[in-house]
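Encoded as structure tokens, the structure appears first; notes follow it.
The values are calculated or read from the model by the stated rules, or taken from the named source; none is laboratory data. In this text, all values refer to a predicted model and were calculated from it rather than measured experimentally. Cβ: placed from backbone, ideal geometry, glycine included. Neighbour counts: every protein chain shown.
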Amino acid sequence: MPIDQVELGKRLKQAREACALTQEESATEMGMARATIAQIELGGRSVSGIELSRFAHLYARDIREFLAPSFSISGLAAVLFRSEEDTGDGVKAALRDCIALGHQLRDLEELLGITRSTGNVAAYPSVTLGSKWDAIQSGTQAAIEERRRLGLGSAPLSDLPALLEAQGIRTGLISMPAGVSGLMISDQSVGLFVVVNRDHPPVRQRFSWCHEYAHLLLDRAQIGHVSRESERADLLEVRANVFAATFLMPEDGVRQFVAGLGKGSASRLHAEVFDETGVVPVDSRTAGGSQDLQIYDVVKLAHHFGVSVLSALYRLLNLKLVTEKQFQEMKQLDADGVSRAVGELLGLTEVSADENLTAFYRRYLVLALEAYRREKISHRKLVEIGSTLGVQAGEIQLILAKLGLDDEPAGVLLPSR
């Protein structure tokens with residue numbers, strides 16, 4: 001039975017309060033008077049389809065929740081929004097965009113009959129972290145085990161979003177405040193979902209994919225988690241950072257790479273060769289300074305594993321492959337732009353942010369085109385999705401013409417976000 005105007009108003013009020021928004025704040029976001037919000041919530045004013053769609057985005061809800069036979073007050077939005085103080089830094093707006101993207105991807109996949117099986121995603125047991133050392137050990141062991149479980153060996157990782165998608169995890173890129181690196185969501189409404197900041201450099205995005213993956217593996221009971229620079233000392237963040245560094249740069253892989261440079265050995269080597277009858281001592285000494293890693297070595301290492309030079313330096317320091325003095329010297333060289341100049345000299349080009357963004361948008365747009373081809377969404381909805389990806393209506397029409405899909409089927413209009 002369809003719900004009436006009074007019940008819809010009640011649900012809109014509950015959704016607003018779950019997001020810790022006042023009527024005044026909702027009115028500002030909606031471009032309405034506070035009295036209008038009050039009238040809607042009392043059931044004294046009807047709500048148009050477009051307005052309901054905007055309310056759904058504001059309250060980070062699926063529009064169908066407001067029209068369903070029953071309505072849950074709690075949910076993903078309530079958990080995430082109440083964990084974030086309203087500091088005016090744009091975090092809540094980014095959360096709305098992330099959840100809306102998750103809903104949109106889920107809707108398209110459902111229309112296409114695509115089922116996300118997350119049975120391959122590991123669920124590590126909950127571990128109580130009493131100290132940063134506990135966090136370091138937990139993150140390190142989880143990364144080692146996850147590489148073993150996935151059969152990754154010690155090789156560099158290439159397409160991280162593809163690695164996550166293959167396990168049934170949705171991935172996305174969304175503009176977020178500079179101090180937010182990413183977001184993990186584990187909720188029935190969007191499934192397992194990892195989003196990273198589209199405005200960050202590619203090497204940082206790679207680290208963030210792994211960081212959020214750690215939260216998904218180890219902190220899934222939280223339902224949602226926002227990773228912020230200001231909370232980097234938090235034990236969960238320390239663990240996720242250690243996981244990311246170890247997952248991206250496994251110890252065996254780093255040591256093998258360094259050994260391939262003819263470096264990393266001790267300056268003095270001693271061995272006792274035993275043959276059941278006696279011992280033959282063997283001593284060797286390398287030339288002074290020949291085993292010391294240089295900034296150009298670190299640049300090559302960073303490029304090999306797809307990380308920043310600074311990240312590679314910290315990994316080398318933690319593995320005791322450079323001394324604190326060497327670390328500080330090369331860290332300063334990196335800050336002075338030397339590592340970038342060396343990279344250019346060696347022809348080690350980085351993946352651009354545009355390439356990462358294009359790869360994500362390509363996956364998203366392909367879903368939309370297929371839904372349109374099957375007449376599951378309308379031409380208007382396809383254009384709307386294209387618009388969110390920066391593709392103009394004319395470009396969409398040109399693509400459709402080239403694909404022989406330039407007729408406009410009636411289709412199903414997915415809820416606008």
Does R148 count as charged (D, E, K, R), part of a helix (DSSP H, G or I), exposed (fewer than 13 other Cβ atoms within 10 Å of the Cβ) and modelled with pLDDT of 85 or more?
yes
T128 fails exactly one of the following numbered conditions: (1) among the polar types (S, T, N, Q); (2) assigned to a loop (DSSP other than H, G, I, E, B); (3) under 23 Å from T388 (Cα atoms). What is the number of that condition?
(3)
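Per-residue answers, yes or no, for (1) at pLDDT 75 or above; (2) among the aromatic types (F, W, Y); (3) closer than 23 Å to R340 by Cα:
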position	(1), (2), (3)
E251	yes, no, no
G260	yes, no, yes
H270	no, no, no
S284	no, no, no
G289	no, no, no
D292	yes, no, yes
Y296	yes, yes, yes
L301	yes, no, yes
F305	yes, yes, yes
Restricting attention to segment 1-40, which residues are of a type in the set (S, T, Y) and assigned to a helix (DSSP H, G or I)?
S26, T28, T36
Scan of segment 110-120 for residues that are out of contact with any strand residue (DSSP E or B) (no Cβ under 6 Å at 6 or more places or on another chain) and closer than 17 Å to A214 by Cβ, ordered by number:
N120
Just need a number here: residues in segment 307-318 that are at pLDDT 95 or above and not in a helix (DSSP H, G or I).
0
Would you check which residues across segment 48-60 are small (G, A, S) and assigned to a helix (DSSP H, G or I) and list them?
G49, S53, A56
Within segment 207-256, which residues are acidic (D, E), touching a helix residue (DSSP H, G or I) at 6+ places or on another chain (Cβ under 7 Å) and not in a helix (DSSP H, G or I)?
D219
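So that you can scan it fast, the table gives a plain yes or no per residue for (1) in a loop (DSSP other than H, G, I, E, B); (2) assigned by TED's automatic domain parsing to the domain that holds L389; (3) under 24 Å from the mean Cα position of the chain (by Cα):
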{"site": "S46", "(1), (2), (3)": "yes, no, no"}
{"site": "D97", "(1), (2), (3)": "no, no, yes"}
{"site": "L108", "(1), (2), (3)": "no, no, yes"}
{"site": "V121", "(1), (2), (3)": "yes, no, yes"}
{"site": "Y124", "(1), (2), (3)": "yes, no, yes"}
{"site": "I136", "(1), (2), (3)": "no, no, yes"}
Determine, yes or no, whether S175 is modelled with pLDDT of 85 or more, over 17 Å from the mean Cα position of the chain (by Cα) and of a type outside the set (A, V, I, L, M).
no
Filter segment 173-196 for residues that are assigned to a loop (DSSP other than H, G, I, E, B) and not polar (S, T, N, Q); which is surrounded by the most Cβ atoms within 10 Å (Cβ to Cβ)?
M176
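Here's the yes/no breakdown for (1) within 30 Å of the chain's Cα centre (by Cα); (2) modelled with pLDDT under 85:
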| residue | (1), (2) |
| --- | --- |
| Q326 | no, no |
| A341 | yes, no |
| T358 | yes, yes |
| R362 | yes, yes |
| L369 | yes, no |
| E384 | yes, yes |
| I399 | yes, no |
| L403 | no, yes |
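Can you report the number of residues in segment 135-194 which are of a type in the set (A, V, I, L, M), touching a Ser or Thr at 6+ places or on another chain (Cβ under 9 Å) and farther than 22 Å from Q222 by Cα?
Of the residues in that region, 3 qualify.
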Can you find a residue that is in contact with a Lys or Arg (Cβ under 6 Å, 6 or more places away or on another chain) and on the phi < 0 side of the Ramachandran plot anywhere in segment 140-158?
no
Matching residues in segment 151-172 (in contact with a Cys (Cβ under 9 Å, 6 or more places away or on another chain), part of a loop (DSSP other than H, G, I, E, B) and modelled with pLDDT under 90) number 0
Which count do you get for residues in segment 375-405 that are farther than 20 Å from L112 by Cα, surrounded by fewer than 12 Cβ atoms within 10 Å (Cβ to Cβ) and touching a residue at least 12 places away in the same chain (Cβ under 8 Å)?
1
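Residues are listed down the side, and each one gets a yes or a no for (1) in contact with a His (Cβ under 7 Å, 6 or more places away or on another chain); (2) in contact (Cβ under 8 Å) with a residue 60 or more places away in the chain:
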| site | (1), (2) |
| --- | --- |
| P156 | yes, yes |
| I169 | no, no |
| L173 | no, yes |
| Q188 | no, no |
| L192 | no, yes |
| P202 | no, yes |
| Q205 | no, yes |
| R220 | no, yes |
